[in-house]
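K.L.:
Quick one: structure below, then a few questions.
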Amino acid sequence: MKIKYLITTLVLFLLILVTGCIAPAAPIVTRVIDGDTIVVDIGGESYKVRYIGIDTPELDDRRPEFRNLAQKATRLNRQLVEEKTVRLEKDISETDRYGRLLRYVYVGDILVNAELVRQGLAWAKAYPPDTKYQDTLEEAEAEARQDKIGIWALGQ
């Protein structure tokens with residue numbers, strides 16, 4: 001009985017190896033760089049990921065009010081994704097000119113790109129040809145603008 005089990009297990013293992021039917025490792029966020037850039041681990045490899053369709057204020061902005069918003073965007077991004085398993089969705093482009101993966105990032109059902117915009121911590125910004133969810137991002141921006149929160153509290 002043990003030999004039969006061993007042989008069955010070995011055959012299944014060999015089939016998995018031969019066919020490549022091992023599920024790919026789910027991305028885990030290992031670092032939040034800023035409001036719109038993260039580092040993920042996929043199967044032991046690290047990749048920088050730039051969120052598609054948004055732009056957050058920069059941490060080194062000379063204007064204190066924008067630096068403050070950049071810090072808030074980074075904190076919210078960290079709360080949403082740090083050390084969590086995420087789903088990455090590609091649009092058209094694989095990477096940007098800096099070699100970062102371009103992706104829509106989900107935690108559960110939350111599209112993180114849109115949540116940052118909805119909270120007034122990012123602008124919806126189209127980067128053609130990657131515009132699959134641009135309408136969603138622009139709707140989120142309209143909500144934040146109407147509510148005058150974050151960036152839109154500054155009159156932007």
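K.L.:
In this structure, does VAL18 turn out to be assigned to a helix (DSSP H, G or I) and modelled with pLDDT under 95? Give the derivation first.
P.N.:
Working: assigned to a helix (DSSP H, G or I): yes; modelled with pLDDT under 95: yes.
Against the criterion (assigned to a helix (DSSP H, G or I) and modelled with pLDDT under 95), VAL18 qualifies.
K.L.:
Hey, another quick one. Give the residues of the range 42-82 that are over 16 Å from ARG31 (Cβ atoms) and among the hydrophobic types (A, V, I, L, M, F, W, C), sorted by residue number.
P.N.:
Matches in the range 42-82: ILE52, ILE54, PHE66, LEU69, ALA70.
K.L.:
Residues that are within 13 Å of ASP34 (Cβ to Cβ) and open to solvent by 20 Å² or more (accessible area, probe 1.4 Å): which strands (runs of 3 or more DSSP E) entirely in the range 45-156 hold 1 or more of them? First the steps, then the outcome.
P.N.:
Numbers: elements: 45-51, 87-89, 101-107.
In the range 45-156, the matching strands (runs of 3 or more DSSP E) lie at 45-51.
K.L.:
Show the residue pairs meeting these rules: Cβ distance below 6 Å; 6+ apart or different chains; first residue within the range 75-88 and over 19 Å from GLU58 (Cβ atoms); second residue at pLDDT below 95.
P.N.:
THR85/ALA26
K.L.:
For GLU139, which of the numbered conditions (1) acidic (Asp, Glu); (2) over 13 Å from TYR51 (Cβ atoms); (3) touching a strand residue (DSSP E or B) at 6+ places or on another chain (Cβ under 8 Å) fails to hold?
P.N.:
Here GLU139 clears every test but (3).
K.L.:
Restricting to the range 27-68, name every residue that is touching a strand residue (DSSP E or B) at 6+ places or on another chain (Cβ under 7 Å), more than 16 Å from GLY99 (Cα to Cα) and among the basic types (Lys, Arg).
P.N.:
ARG31
K.L.:
Inside the range 83-108, can you point out the residues that are among the acidic types (Asp, Glu) and farther than 11 Å from VAL29 by Cα? Give the steps one after another, and end with the answer.
P.N.:
At the first step, the residues of the range 83-108 found to be among the acidic types (Asp, Glu) are 83, 89, 91, 94, 96.
If the condition is that a residue be among the acidic types (Asp, Glu) and farther than 11 Å from VAL29 by Cα, then GLU89, ASP91, GLU94, ASP96 are the ones that fit.
K.L.:
Also, I was wondering about something else. So which residues in the range 57-68 are within 15 Å of ALA124 (Cα to Cα) and in contact with a Pro (Cβ under 9 Å, 6 or more places away or on another chain)?
P.N.:
Residues satisfying the conditions do not exist here.
K.L.:
Against the definition (more than 12 Å from the chain's Cα centre (by Cα) and among the hydrophobic types (A, V, I, L, M, F, W, C)), how does ALA70 come out, yes or no? If you could, list the steps in order and put the result at the bottom.
P.N.:
Working: more than 12 Å from the chain's Cα centre (by Cα): yes; among the hydrophobic types (A, V, I, L, M, F, W, C): yes.
Judged against the criteria, ALA70 is a match.
The values are calculated or read from the model by the stated rules, or taken from the named source; none is laboratory data. Predicted, not measured: the structure shown is a model, and the values here were computed from it. We place every Cβ from the backbone using ideal geometry, glycine too, and count neighbours over all the protein chains shown. For the accessible areas, the whole protein counts, side chains as well, though only heavy atoms, and no ligand, DNA or RNA atoms are used. Shrake-Rupley method; radii C 1.70, N 1.55, O 1.52, S 1.80 Å.
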